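> Submitted below is the structure of interest, expressed as structure tokens.
The numbers here are math on the coordinates, done by the rules we state, and not lab data. Just so we're clear, the structure is a prediction, and the values are computed from it rather than from any experiment. Heads up, the Cβs are rebuilt from the backbone with ideal geometry, glycines too, and the neighbour counts pull from every protein chain shown.
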Amino acid sequence: MQVQKMHGERLEAALRESFAQQLALCDVLEEIADSLPNALSHQRCLRAAQVIGPLLRSAHQAEEATLFPRILAAHPDGRTVVEQLRLEHLEDECFAEEVQYELQLLGCRQPLLAPEATGYMLRGFFECLRRHVRHEHELMTSLPQAAAR
Ligand SMILES: [Fe+2]
């Protein structure tokens, strides 16, 4: 029983860490969007371009392993909720590739898009991701811990 409890706590800590990383990425992308076009840090664009794909993929893996089983076990509409979250993960990963591409070009001072269009794209991405993470966080805190086993 104690081992299961510790295991559950570790999984929850991993999940919280993955939420925190996604929200930190959103903050960086917002700072980039706010700094367009004149106060832009090209280094920051290149760093964000490097981490965005791996960060999202590892967050999605953590959620698949820890959050989704709990939703399936404890949420009255679990299958539908998990299907919707998986769809959002796919959409975010596709969108992230576009964002990554533009950040890379920006970092190399060869942007494809006008600054307004880049800002619009970045805001679309991080606002959507923040909403998604907020929803998952609510699910994590509202479902009974016992179902995580
Ligand atoms: Fe997610």
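> So between H7 and T80, what do we pick up on full extension, going 0.36 nm a residue minus the alpha carbon distance? Each step should come with its number before you reach the end.
On the way: separation 73, 0.36 × 73 = 26.28 nm, distance 2.65 nm.
Net length gain for the segment: 23.6 nm.
> Cα-based Rg (one decimal) and Dmax (whole number) for region 2-148, in Å?
17.1, 56
> Now for a different question. Note the full-extension length gain between S35 and Y101 as 0.36 nm times their separation in residues minus their Cα-Cα distance, in nm to one decimal.
Additional length available on full extension: 21.9 nm.
> Which whole-Hz ³J(HN,Hα) couplings does region 48-62 yield from phi under the Karplus relation 6.51 cos²θ - 1.76 cosθ + 1.60, θ = phi - 60°, glycine and proline marked x?
Along region 48-62, the couplings run 5, 4, 5, 8, 4, x, x, 4, 5, 4, 6, 5, 5, 5, 4 Hz.
> Something else now. Within region 45-133, which trypsin sites (Lys or Arg not before Pro) sit in a loop by DSSP and count at most 16 neighbouring Cβ atoms inside 10 Å?
Numbers: sites: R47, R57, R70, R79, R86, R109, R123, R130, R131; in loops: R109.
For trypsin sites (Lys or Arg not before Pro) across region 45-133 that sit outside H, G, I, E and B with at most 16 neighbouring Cβ atoms in 10 Å, the list reads R109.
> Helix 115-142 versus the longest principal axis of the chain: what is the Cα-based angle in degrees, 0 to 90, to the nearest 10?
For 115-142 against the chain, the angle is about 10 degrees.
> Going by alpha carbons, how many degrees (0 to 90, nearest 10) lie between the helix axis of 2-35 and the longest principal axis of the chain?
The angle comes out near 20 degrees.
> If each residue of separation counts as 0.36 nm, what is the full-extension length gain between L113 and L87 once their alpha-carbon separation is subtracted?
Details: separation 26, 0.36 × 26 = 9.36 nm, distance 2.71 nm.
Between L113 and L87, full extension yields an extra 6.7 nm.
> Now a separate question. Mind checking the dipole of the chain: about its Cα centre, +1 per Lys or Arg Cβ, -1 per Asp or Glu Cβ, Debye to the nearest 20?
Working: 15 positive and 22 negative charges, 96 e Å.
So the dipole magnitude of the chain works out to roughly 460 debye.
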